[in-house]
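Since the structure comes first, as C-alpha cells, the remarks are kept for the end.
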Amino acid sequence: MMKKIGRGTTRTIRVGEIDLSVRMNVFSLGFGIIQKPDRYAGRILVRNVDADYWQIVENAYYAYRQTEHILYRYGINFYHGEKNLLENLREGALRLNLRSLGIEGGSRTRRDQEQFDGLVARFTEPLTHARKLTKTAAREQISAVLGSRNLPAVRARTVAARGRLLERFEEVLHIEPHILARQRGLWILIKLSELRFETLHRYVAELLKYDGMKPLYDRSRRLAIATRFESIAQELESIDFEPHRSMCKLTIDDLRAARDVLRKPRLTREDWQTLSTHIMCCRIATILKRKQIALERVIISIMRHLLRESPQLPVMTIKRAISGILEPILHMSDEKLRVPVIEEFTGHMQKALSSLDSSSPDAPESLYDQLKKASLLL
C-alpha cells in the first residue's frame, strides 16, 4: 500500500472533550490530518501558535488560506519556486499513462515509475530544512537591523523602546518559521493531491478519445489498463484529507470495479455497460475536482484583495473565471454519482455572480462566502 502523502505518525490528541486519532507531523511539520472519529476524519489539525491550543480546520485549502491570513498580519510573503519541478511531475505521470495504453512504445514502465517517485522526493525534500530560529539568533538579527540603519529616528529610541521592539521581533521570529513551514507543507500536500487527480483525468480522457474505448478490445491491453487503474487507485489512497478524501474513496471504488471487469477473460454486453458506467463516474469526478482546483485559485485571489482592503476587485477578471468554471458544469449530469452536487453548486456560483453586480459594501464578502460554499460541495 502506498504511504500517505507527507507520511507522519499516528497520535491520540485531546481537543476539548474529544480524543482524536491524528496522522501527525505531516512532512515532519507540526500539523496533522485527523483519522478518527469519522465525523472529523480528513480535517486538518493545527496548533494556534499565538494562543497555544489545537484547532480543527475544515480542509487543506482552508488551512492554507489561514496561513495567508496569519502571515499577512506579520507582513510576510511566501514564494512558490517549484513550478518547473511540478511540470516534470506532470510529464512523468503522463508518460506512465501513455505506456499503459500502448500509445508510447517501450517497456520502461518500472524505470519511469522510479524516476517519477524520485521527482516526488525532490519536490518534498526542502521541507526537511524548515527550522525554528533560536532567541539568540533573533537578538543577533534585530541588533544587526538596528545597527545597520543610519536613521536618526532609530538612534534616538530609548532603551525601553528598543526592548519592546526586540520583544516584538522575537515574537515574529518565533511564529514566522512555524507558519511558513506549515504553509509550504500544505501547499505541497495540495499540489501532490491535485497531481493525482490530473493523472486520472488525463488517463480517462485519453482512453475515451477512442471510439468505443478501442484500447479495451485487446485482452493484453485490458490487463495493462486494469493494472494502471489499480496503480492510480493506490495513489488516490494516499489522499486522506479533505476536501479530496470523500471523493477519492468513491473514485477508488469505481476504479477497482472497472479493474475487476477488465480482468475477466471475456466481456459480456452487461460487462461493457458496467465498465462504461464506472469510467464515466471517474471522468465526472475528476472534472468536478478540476473545477474545484480552479475555483480555489479564484478564492485565494479574492481573499488577498480583501486582506489588502483593495478599493476595487477586478470584477471582469473574476466574472470570467467564475463563468469559465460554471459553464461546462451547467451541461453536465451527475445522476451517476452517488452524491449529486451540481444543482446546489450551481446555485452558489450564480449567487456569487450576482454579488459581482451588486454595489453593496458587503458584496465582496458575500462573493467570497458563496465561492467557499460552492467549493466545499466538490
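Couplings 3J(HN,Hα) of region 251-262, computed from phi: 5, 4, 4, 5, 4, 6, 5, 5, 4, 5, 5, 5 Hz, in residue order, whole Hz [Karplus 6.51 cos²θ - 1.76 cosθ + 1.60, θ = phi - 60°; x for Gly and Pro]. In region 219-378, a dipole from Cβ-located charges (positive for Lys and Arg, negative for Asp and Glu) runs towards its positive end, and of Pro361, Pro243, Thr277 it is Thr277 whose Cα lies farthest in that direction.
Inter-part distance, region 190-260 to region 45-62, computed on C-alpha centroids, equals 32 Å. Give me Rg/Rg_expected for region 239-295, where Rg uses Cα atoms only and Rg_expected = 2.2 N^0.38 Å with N residues. My calculation over the Cα atoms of region 239-295 gives 1.30.
You can think of it this way: the chain between Ile18 and Arg263 has 83.7 nm of extra reach, that is 0.36 nm per residue less the Cα-Cα gap. Calculated FRET efficiency, Lys209 to Ser360, Cβ-Cβ distance, R0 = 45 Å: about 0.45 to the nearest 0.05.
The phi torsions of region 293-303, fed into the Karplus equation with coefficients 6.51, -1.76 and 1.60 and a -60° offset, translate into couplings of 4, 5, 5, 4, 5, 5, 4, 4, 4, 5, 4 Hz, rounded to whole numbers, with Gly and Pro shown as x.
The order of Arg7, Arg290, going from fewest to most other C-beta atoms within 10 Å of their C-beta, is Arg7, Arg290.
Sorted on the mean count of surrounding Cβ atoms within 10 Å across their residues, most packed first, peptides 232-243, 43-54, 305-316 read 232-243, 43-54, 305-316.
Seen through its C-alpha gyration tensor, with square-root eigenvalues sorted a ≥ b ≥ c, region 311-378 comes out prolate because a/c lies at 1.5 or above while a/b is bigger than b/c.
In nm, to one decimal, how far is the Val339 label point from the Tyr217 one, both placed 7 Å along Cα→Cβ? If labels sit at Val339 and Tyr217, their model points lie 3.9 nm apart. Seen from Ser193, the other residues with C-beta closer than 13 Å to its C-beta sum to a net charge of -1, counting Lys and Arg as +1 and Asp and Glu as -1.
Amide H contacts of Asp240 (H built 1.01 Å from N, in plane; Pro and chain starts excluded): Ile5 sit under 5 Å, all sequence-distant by 5 or more or on other chains.
Karplus-based coupling profile of region 243-249, in residue order and whole Hz: x, 9, 4, 5, 5, 4, 4, with θ = phi - 60° in 6.51 cos²θ - 1.76 cosθ + 1.60 and x standing for Gly or Pro. For the residue pairs Lys36/Lys289; Lys291/Lys351; Lys4/Lys209, the C-alpha atoms sit more than 22 angstrom apart in Lys36/Lys289; Lys4/Lys209.
Close amide H pairs (under 5 Å, H built 1.01 Å from N) link Arg263 with no residue at least 5 positions away or on another chain.
Give me the net charge of Ile302's neighbourhood, meaning all other residues with Cβ under 15 Å from the Cβ of Ile302; Lys, Arg count +1, Asp, Glu -1. In short, +3.
Provide the net charge surrounding Thr268, with neighbours chosen by a C-beta distance below 15 Å and charges set as Lys +1, Arg +1, Asp -1, Glu -1.
+3
A short reminder: the numbers here are calculations on the coordinates, not readings from a lab. Note that this is a predicted model, so its numbers are computed, not measured. Quick reminder, even Gly has a Cβ in these numbers, built from the backbone with ideal geometry, and neighbours come from all protein chains shown.
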